[in-house]
Amino acid sequence: MNNTLETVRAGLAHRRRRETRFRWYGRIAIFVSLAFLALLLTSIFARGYKAFWQTEIAVDVHLDPGELVPPTPEHLAQADLTGLVKRALREAFPAVKSRRQKRALYRLVSSAAPYQLRDYVLAHPQAIGRTVRLWLLAGADVDMYMKGYFDASAPESERRLKDYQIAWLERLKRENRLRLRFNRWFFLNGDSREPEQAGIQVALRGSIYMMLVTFALSFPLGIAAAVYLEEFAPRNNVWVDLIEININNLAAVPSIVFGLLGLAVFLGWFGLPRSTPLVGGLTLTLMTLPTVIIASRAALKAVPPSIRYAALGIGASPVQTVFHHVLPLALPGMLTGAIIGMARALGETAPLLMIGMVAFIVDPPRGLLDPATALPVQIYLWADSPERGFVERTSAAIVILLVFLGIMNLAAILLRKRLERRW
Amino acid sequence: MQPQTLFWLLLALSAYGYYLGRKQALTVSGGKIRTLHSLPDYYGYYVALWCALPALAILSLWLLLDDKLILQWVLAELPPAYRNLPQDRLSLTVNVIYNLLAGERQAGDVDPALVQAAEHYRQLKSLGYQALTVLVLAGATAALTWARRRISPKLRARNRVETVIRIALLLSSVLAIFTTIGIVLSVLFEALRFFEMVSPLEFLFGLKWSPQIALRADQVGASGSFGFIPLLVGTLLITAIAMAVAAPLGLLSAVYLSEFARTRTRAIVKPLLEVLAGIPTVVYGFFAALVVAPWLRDFGAQLGLTISSESALAAGLVMGIMIIPFVSSLADDALTAVPRSLREGAYGLGATQAETITGVLLPAALPGIVSGMLLAVSRAIGETMIVVMAAGMTAKLTLNPLDSVTTITVQIVSLLVGDQEFDSPKTLAAFALGLTLFVITLGLNLVALHVVRKYREQYE
């Protein structure tokens, strides 16, 4: 007896150490996972926040009546606006003579500058004939310089900006003709090959349209399927079991396979147009439906049977019981599940690549049948672009996507907190 | 009339039907609702359903079929020179007609017979719409009047309406089966066409994957070979790395959170971990390609290792992080499902908390944990964006995690993004890969389900 006690006591220190060690393994595991999360979020935010600002250059443009009259959209489309911008730049830097330097000079402003000029003239026709100071979108290299991405100490041949270009920029800075402004273009423009002009408008609209389609289809269908399985389906029936197993399996099918399904069925058989929010939404509907059904069934299960018995007891039919009593009580839970399913669909990329939503699209879609792209697909496309300016654009687009997801999840949590019932 | 307008008109008509039906029921009852079999609303629904459903059925059937039918008619009227063309040339002709209809091509530079065919098509189509309008509206009105006539106090309107509702509910749950059948059929069908061109044995056991097809017959080194083994090895390599990260981290965090952590810590840490699961995979892909891969390459360079800038290690590592919450929440569920009595029994025998966990809880929760791991593996195999952005495109048969490898999903994407023609083995190979992916993940899911069902301990 004494002997046993001795053995236990002798082993105690060892066992306690093991206990502590085990706890620390758990803490370290959690710490490592959360550290990765922090690293991921900070690295993306640190790269992305600068894209919300954009460099602009003040240029004194002479609005030559010979070019600009009459100031109608049709006439201005023909007019040599680029020439006016170039002339203004030459006048600002009269010392520039060689052809190569002139070309470098023109690149200070973005290729979107003539369109800015056009918009200005259309808005202020009375200014024609005068010389006005316009804030024009700067080229990508200037933008990178202003945001401090350039290492001026590197040898000149390895830099994107030559010494004389840097001298021009310094002069502009001294004259307060170079400024960083909130980047509204990023929210207003579609995709572009030039980083300084690229925006998320098309992707954002495409994503919103797709979410509308997905929600409009997957929410009612998911609820209907869950109601059938939970309330009306016969128990111990082979067919019902088959449907159940099927739904659980579909929830685990890789998303890219749904993309193949969408490609073969919606584009191949039904001949719907490629790259459209309608097809994207349909494909994502099939993908989210299992999630919505599973969440909705859980919500229905949480409604206590007493509600059903009471309704049946006063003479309601089974259908009336469900639609008048059970469903209203389960609806908040179902909605929460649907929002979480939608949040997953919003971030999904692979199936959309399959149905051709990778197209390069500049004009915002106006309906479900216009070609569009989606936010995550836009991120994928920009991540592939070699130009340096796209790294910050990609990160900024990711920040927007994460903000959207955060809002959706927050809505789901608040909804659950607010409408949760204890029976 | 355009089908869209027709659809809204039909809805309006059936709303009117609801109103009429309700009013009729009240009239028939003579003001005493209790003489009716059902509540007045149900008579309204009854008429509305009769008005809408058959007409909607006609409408959707028409929309599904009219293009194909009209095309057959138009093709039959073409000059014999066109009619006897082989299938692929004929579909080119059809494309020309469609382009003419969309106004994308000027009529001047095409065969006048085709212009005429396009015109014919347009006429038939508009004639079809006219017929459809008459048919649908007349049908709906007739059904409405008929249903309204049938209303009497004895009509069991509620039961009829409820039957329709039940059928609709059943149909929505059957949609899941249709989706599966759709996946299997569409993928299988295209995969079979692929296997007509490439033998299944070569696909399953071939050691070389290079799907480039020769553009010219005499081109060198581009014959196209479809050996699936390098892709499988690449996929499994990345999955193994991911699981090596996710399994210990996920399992240990689950154990800590469910057994050691205080309630408040748990309430904060668990949702934070779940944020990892909510981040879109394209973000992980970007992170892997932009942060992790360069960091690994520089780190390797310091150690004197050459790590490719698109390495299996970077992709696997990041994928592992993504899967952590998946593993931890499934393990957490399995651990919480172990009854208290087992825990208390172990404590009663004098075991420490750690000994209870390793000796009692983990073995008891093992089936749940194993099935969770299998689900995580199936997710890693099917994951696309991370590997597309961070793993690489060239199929190498290697087990070196520092090298770049390619996976099944990467190849599906690279084969299908861009221009596609549905009769080249290159495009069809993607469907064969999709089929294999589907079969592998389905198998893993079924095994996971089986493990839980068969080995779960019953504590009652």
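The values are calculated or read from the model by the stated rules, or taken from the named source; none is laboratory data. None of these values were measured; they are calculated from a predicted model. As a convention, Cβ positions derive from the backbone with ideal geometry for all residues, glycine included, and neighbour counts pool all protein chains shown. Just the protein is used for accessible areas: all its heavy atoms, side chains included, with ligands, DNA and RNA removed. Shrake-Rupley method; radii C 1.70, N 1.55, O 1.52, S 1.80 Å.
Listing for the model above:
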read-out	value
Within region A:295-313, considering residues that are buried (at least 18 other Cβ atoms within 10 Å of the Cβ) and in a helix (DSSP H, G or I), the one nearest to the chain's Cα centre (by Cα)	A:Ala295
Every pair of residues 6+ apart whose Cβ atoms lie under 8 Å, when the first sits in region A:243-270 and is at the interface with chain B (Cβ under 7 Å from one of its Cβ atoms) while the second is surrounded by fewer than 23 Cβ atoms within 10 Å (Cβ to Cβ) and not in a helix (DSSP H, G or I)	A:Ile243/A:Ala233
Yes/no for B:Thr394 being within 25 Å of B:Val292 (Cα to Cα), open to solvent by less than 10 Å² (accessible area, probe 1.4 Å), of a type in the set (S, T, N, Q) and not in a helix (DSSP H, G or I)	no
Enumerated helices (runs of 4 or more DSSP H) restricted to region B:275-381, each holding at least 2 residues that are surrounded by fewer than 23 Cβ atoms within 10 Å (Cβ to Cβ)	B:293-303, B:312-336, B:340-348, B:353-356
Any chance A:Val61 is farther than 30 Å from A:Ile400 by Cα and either in the same structural domain as A:Arg160 (by TED's automatic domain parsing) or surrounded by 13 or more Cβ atoms within 10 Å (Cβ to Cβ) (or both)	yes
Region A:23-44, subset open to solvent by less than 40 Å² (accessible area, probe 1.4 Å) and of a type in the set (Val, Ile, Thr), residue nearest to the chain's Cα centre (by Cα)	A:Ile44
Considering residues of region A:181-232 that are outside any helix (DSSP H, G or I) and surrounded by fewer than 18 Cβ atoms within 10 Å (Cβ to Cβ) only, the residue nearest to the other protein chains (Cβ to nearest Cβ)	A:Arg193
Output for region B:241-251, where each listed residue is more than 11 Å from chain A (Cβ to nearest Cβ) and farther than 16 Å from B:Ala390 by Cβ	B:Met243, B:Ala244
Among (1) facing chain B (nearest Cβ under 10 Å); (2) in contact (Cβ under 8 Å) with a residue 60 or more places away in the chain; (3) buried (at least 23 other Cβ atoms within 10 Å of the Cβ); (4) in a helix (DSSP H, G or I) - the single one A:Leu286 does not satisfy	(2)
Region A:233-242: number of residues that are facing another protein chain (nearest Cβ under 8 Å) and part of a loop (DSSP other than H, G, I, E, B)	1
Qualifying residue in region B:168-182 (condition: at pLDDT 85 or above, within 30 Å of A:Phe219 (Cβ to Cβ), under 35 Å from the mean Cα position of the chain (by Cα) and aromatic (Phe, Trp, Tyr))	yes
Condition met for A:Thr321 (closer than 30 Å to A:Phe266 by Cβ and part of a helix (DSSP H, G or I))	no
Region B:327-350, residues that are over 40 Å from the mean Cα position of the chain (by Cα), at pLDDT 90 or above and within 12 Å of chain A (Cβ to nearest Cβ)	B:Leu349
Residue list for region A:330-347, restricted to those being at the interface with chain B (Cβ under 10 Å from one of its Cβ atoms), open to solvent by less than 30 Å² (accessible area, probe 1.4 Å) and not small (Gly, Ala, Ser)	A:Leu346
Extreme residue, nearest to A:Leu405 (Cα to Cα), among residues of region B:283-305 that are at the interface with chain A (Cβ under 9 Å from one of its Cβ atoms) and without any contact (Cβ under 8 Å) to a residue 40 or more places away in the chain	B:Val283
Test result for A:Leu278, within 7 Å of chain B (Cβ to nearest Cβ) and either surrounded by 17 or more Cβ atoms within 10 Å (Cβ to Cβ) or part of a helix (DSSP H, G or I) (or both)	no
Candidates B:Thr406, B:Thr427, filtered to the one that is more than 19 Å from B:Ile324 (Cα to Cα) and in a helix (DSSP H, G or I)	B:Thr427
Members of region A:380-423 found to be among the charged types (D, E, K, R), away from every other protein chain (no Cβ under 11 Å) and open to solvent by 40 Å² or more (accessible area, probe 1.4 Å), listed by number	A:Glu387, A:Arg388, A:Arg416, A:Lys417, A:Arg418, A:Glu420, A:Arg421, A:Arg422
Pair list, Cβ under 6 Å, 6 or more apart: region B:109-125 residue assigned by TED's automatic domain parsing to the domain that holds B:Trp62, other residue part of a loop (DSSP other than H, G, I, E, B) and modelled with pLDDT under 80	B:Ala113/B:Pro79; B:Ala117/B:Leu78
Pairs where the first residue, in region A:149-166, is touching a residue at least 12 places away in the same chain (Cβ under 8 Å) and farther than 24 Å from A:Tyr49 by Cβ and the second is open to solvent by 30 Å² or more (accessible area, probe 1.4 Å) and hydrophobic (A, V, I, L, M, F, W, C), C-beta under 9 Å, 6+ apart	A:Ile166/A:Phe150; A:Ile166/A:Ala152
Of all residues making up region B:21-37, the number that are under 22 Å from A:Val319 (Cβ atoms) and exposed (fewer than 11 other Cβ atoms within 10 Å of the Cβ)	1
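Residues checked against (1) open to solvent by 70 Å² or more (accessible area, probe 1.4 Å); (2) at pLDDT 85 or above:
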{"site": "B:Phe7", "(1), (2)": "yes, yes"}
{"site": "B:Ala12", "(1), (2)": "no, yes"}
{"site": "B:Leu39", "(1), (2)": "yes, yes"}
{"site": "B:Ala48", "(1), (2)": "no, yes"}
{"site": "B:Pro54", "(1), (2)": "no, yes"}
{"site": "B:Leu63", "(1), (2)": "yes, no"}
{"site": "B:Gln87", "(1), (2)": "yes, no"}
{"site": "B:Ile97", "(1), (2)": "no, no"}
{"site": "B:Leu101", "(1), (2)": "no, no"}
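Results for (1) surrounded by 10 or more Cβ atoms within 10 Å (Cβ to Cβ); (2) of a type in the set (Lys, Arg), shown as yes or no for each residue.
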site: A:Asn3; (1), (2): no, no
site: A:Val8; (1), (2): yes, no
site: A:Arg21; (1), (2): yes, yes
site: A:Ala46; (1), (2): yes, no
site: A:Leu68; (1), (2): yes, no
site: A:Thr82; (1), (2): yes, no
site: A:Arg87; (1), (2): yes, yes
site: A:Ala92; (1), (2): yes, no
